[in-house]
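Let me begin by presenting the structure, written as structure tokens, before commenting on it.
Readers should treat all values here as calculations from the given coordinates under stated rules, not as data from a laboratory. These numbers were taken from a predicted model, which means no experiment stands behind them. Note that each Cβ is placed from the backbone with ideal geometry, even for glycine, and that neighbours are counted across all protein chains shown.
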């Protein structure tokens, strides 16, 4: 019987911090309600967590003219024009509107402060850095150590630099996979062990690789002495990576549990490398498919997916202006009350999100689908992109989290901090977090309406 | 540091670098050159339907010639129905999935090989073009012979089109016939490159009475751009070729280049035949405002090599893929041949033909790569000895690929049905 | 099964704080304690990694891996590398790469040359032979001799591996892998020791100095000769230092160093993922992208290193190199049978130095159009070291007329007239507007939407026209060479220059001018100046006793003995 926090991952998580190992008794079932789903053989299906990011927000203008905020709150929200793509999975997605990032005097760093606040709980001081870790790393620490990969980071945007907003320190960000082929190689290439294979044998070379790491770790003490604070942090990150590789190797030495939903894919064809909206959508869909299979085959339980970066360079093929520029240049249509081309682009970008969720929903698992056993927090960097507003940043929680998420609701809370949604996400995944955020964004109030 | 001028006035000294053998008549009076690379070439045709690629139209009222009923063909050739069905069955071991059913060759009189002996069988009849419009060139200067061009010019001599224009290989709108696609894909992927140099002595390229057009080969490959077209403005060095070169005296008028005298040339044919000999050849090309060149180069080409080209590409495969009985092609070409090199009374070994050309602006350099060509000259004298490359990595003999390992060899005396009693069940 | 109760909560939310709290209380080290301190940790870059492996093991060793992205801080990746660490997926890549390199080095074919001894029993452990192998390569990889405990740790791995697989060489492979994975290889650990000449001061230790020289000049780890100069202490003397500098600057390997420096300064790292809209710029493809970067590097190295010309000529000289794909973008013939050929643009081409090469023009533009503002920002940032602040978040562009007719210039002139925008746009946009005869791929175009493009520019009281005018403006602007000086220094020391460096940099800029703006001389000037090796002790650095950090062959002297080996 396995559950979220099994003994092994707990022990590893505790030892990492160097704190005393205090193994208390109660099973973590207290965080699983009666709807916790199980496999045929009684083993609990693990709940997966992921973040999904897209740049340039959705359309909601100060003069009225919203293209995404449903008019009603509560269950059964109506599908707004920019949310068309969510129709097939509407009952599994909750919509959060009105939430904002609060700077507490810090300037709004364009295309940065919004999602930095959502992920780290504090308005960042400098563009390109967070002032703290992104909370997905904490969730990965907690639930990611029983799978081969603690976390998988993906960037489908085909940007100039790989984009990731996952950071354990605020300085170094993860290195994402940027093409379907690279993702396939990571998940199903060398080192992959089919959990449903009957011929599993432990690989003796793995133990040899473990011995490589032990020589490196032996020197930790000597290296860490005489090192300044910021360098200590860097080395700490290095040694954390070493431990995670050790964990990976240890898991590969154990016979994997069978996963009925797992079907090993064949190597994909790569998509052409250009950043047009259509290409990025195709890339998103291809990577979503592989990710879904990676989750089903238990290669990881945590992921971070970037569709387009905060300063998205996406464009409609053949047009000389990029989406980002259009958000600033396009005048608001007097009759409509919003920027029509920008809204069209937002809808196209959301179509990729719809594709993404449909891929996850397409894998049957237990009594439901992979999406039912997942929780994805989706969000953007801005509300009204034209003025880089960090008010009303669109946020979604998708997936039923194994039954814990009372999905399909629209929650509107004008002026409340985005960290409330972040906190809710953490609690839905079962992390025992009581509060999240700093300063005005510090909150201890999750959005209970969506917690079962 | 060398300085490279993008100039169009060059003296004959650059020709001297090539060696005296190269220049026939060094031209120091050339004032302008325009250079191109051929990005598409296909036989000039005319598609008379409004939709599709094989639909009925004014050119072929019944549409493209349909696929022959091969069983009937074999039965007509003297095989029994059982044998015919057995030969056509893909599961049977004498039929190669790659090279086809070799026995198909032997359907002439006394089981002669019809590919090498097309007259050993009666003309199966390839429906010719019955329309009146065709693209091409007026080769004989007689308006009363030939087709009318799509723009209304009379006297277009293109019997090649007349004979074969309803055949699937050639029929279709520009760039869409199966033959055009097949060969141009190969060319654009680097199989060969043809460049064109146009040079004139007058001040205005668009209106110049003393122009020469040269067709040359290059070993430099074309490069495709981001949307799949050939990219403009690449540089190609002329590779002197012992066979493939064509020089046409011409004039320009409002940007249209027309030959002033016929020339006998040989170019690279976009086909299995490869050698495109054209007697009394002429060009009719237009220099477009966007810098590209489009039009025709045509002449009388020997028709039998056309037929042999198809045979040597494996008759068995060509017939099935392109819906034709190859002897019909032979008969059709023979019937429509309209030129004899020895004079009006001689055997008509040649047939009127034109190649439709689209070319993009490109830089064309002298063979040593150091200078842009500044005039149209011949390089045959300095061409290396040409060795014909084999077309395929396998051996084609008399139109089929023999399989030495097979127990049963195709031939006039081949036993068709296997001796075992089990064969009967395969006929179902 | 345990609940991660109260303890867990603290751990998860505040766990980060626990790790660092202990370090915060240590006071900064003092030289009189006689201890060494580590003053910087700089992650090795991809090209440095590759060069090192090629130097140590030979160029036949194949390296195929994905390297972690670098971060640009204060205009340079070199400064960013001092702030970055590794992620798990990065470590995975290094792990696989280290294994692959070891496999190649100790392969049956290679081992005759790469392993300096034969084991007593090829099926078992042999500490003596393993030690020879490890100390030799360890010194090259760690860029200093291994400590005894470092050697012992690897010997244990080698022995365990040999026993487990019954093959001495398998054990050797594992120990080499662990060297290649060590932070001492993947990071440049810069160490300071008390200065025997000035006991109240720190100085960088000899190996740190050697690394700084080697990475600056050759973009690689110190070679045997430089390590020897460190080992003997010669590098601490002006004569010894000068000797090494002269050797290294006259070597053809200086070209590697120059390339690495200019790739960083000119921000040419953006090429790996540059995207252009294929319908608007169909000529763009990966080959063109790679060629553009190579062209700019070749031009720069040829002008500054091979020909030792005036740095400022980079903005006005049209002598460059092209290959066949680039020739099609520039719409010129490629007159050569080789891959690359020298080419000089005529005046009529409107080109002017590296500003108008495809690299600069296409990198700092949009996928489907040019961008005067972007180009202007980058000209200032790269060549005059002036960083443009971010635009205000709430700027409302609806006041600016969106336009699909006319030229981009008209739109931008609006910015320069608008109150909230002018202060930034006035110094930026004119620089980019002068380049508007080149589209987003770098192709010459003089018309836009049917209107002629005006490339006149006004910067304060200075007026110029077109790219050639801009080139001359940069040529004559004293900020430009000063910015190069700043960058060479910051690149070499791996940190942002501070107020204490200001006078020094000014002096170096003057010397650079007096010398005729020659880049190789500038590098030597800076690398031989004391400021280059100045120690900046970070806050809260813990002290290490010299004895504990003893390196095996060196004399482990304490400062009181004043030893200067």
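A few points about this structure:
- Inter-centroid distance (Cα atoms) of the stretch A:45-87 relative to the stretch B:276-321, Å: 60
- Shielding of A:236-245 by partner chains, average beta-carbon count, 10 Å: 6
- Two-decimal Rg to Rh for chain A - Kirkwood Rh, Cα set: 0.96
- Packing-based ranking of C:105-112, A:240-247, A:146-153 yields A:146-153, A:240-247, C:105-112, ordered from highest to lowest mean Cβ neighbour count within 10 Å.
- Cα long-axis angle, helix C:254-265 against chain C (0 to 90 degrees, to the nearest 10): 60
- Size descriptors for the protein assembly as shown (Cα atoms only): Rg and Dmax, in that order, 37.4, 117 Å.
- Using alpha-carbon coordinates, inclination of helix B:326-336 to the longest axis of chain B, degrees: 50
- Efficiency of FRET from Cβ geometry, residue A:126 and residue C:500, R₀ 30 Å, rounded to 0.05: 0.85
- Shielding by partners for peptide C:35-44, expressed as the average number of C-beta atoms from other protein chains within 10 Å of each residue's C-beta, is 4.
- C-alpha center-to-center spacing [the stretch A:364-419, the stretch A:224-292] in angstrom: 23
- Note that chain C carries a Kirkwood radius of 26.5 Å, evaluated over its alpha carbons pair by pair.
- Among beta bridges from DSSP that stay inside the protein assembly as shown, the antiparallel ones total about 80%.
- Note on A:136-148: average number of Cβ atoms from other chains within 10 Å of each residue's Cβ is 1.
- The long axis of helix B:178-188 is offset from the longest Cα principal axis of chain B by roughly 50 degrees.
- Here the label points at residue B:294 and residue A:260, each 7 Å from Cα along the C-beta direction, are separated by 6.2 nm in the simple model.
- Pair residue C:108, residue A:91: separation of 7 Å Cα→Cβ label points (nm): 6.4
- Each DSSP beta bridge with both residues in chain A is either parallel or antiparallel, and the antiparallel ones are about 45%.
- Zone of residue C:123's modelled label, taken as backbone nitrogen in the stretch A:202-228 under 15 Å from a point 7 Å along Cα→Cβ: none
- Kirkwood hydrodynamic radius of the stretch C:261-476, from the reciprocal of the average inverse Cα-Cα distance over all distinct pairs: 17.8 Å.
- Using the average count of surrounding beta-carbon atoms within 10 Å as a protection proxy, the listed peptides C:454-461, A:186-193, A:428-435 rank, highest first, as A:428-435, A:186-193, C:454-461.
- Sorting A:67-76, A:223-232 by average packing, meaning the other beta carbons within 10 Å per residue, from highest down gives A:223-232, A:67-76.
- Relative contact order of chain B: 22 percent, from C-alpha pairs under 8 Å at least 6 residues apart in sequence.
- Distance between the 7 Å Cα→Cβ label points at residue A:63 and residue A:278: 3.3 nm.
- Mean ellipticity per residue at 222 nm, deg cm²/dmol - from DSSP H runs of n ≥ 4 across the protein assembly as shown, formula -39500 (n - 2.57): -10000 deg cm²/dmol
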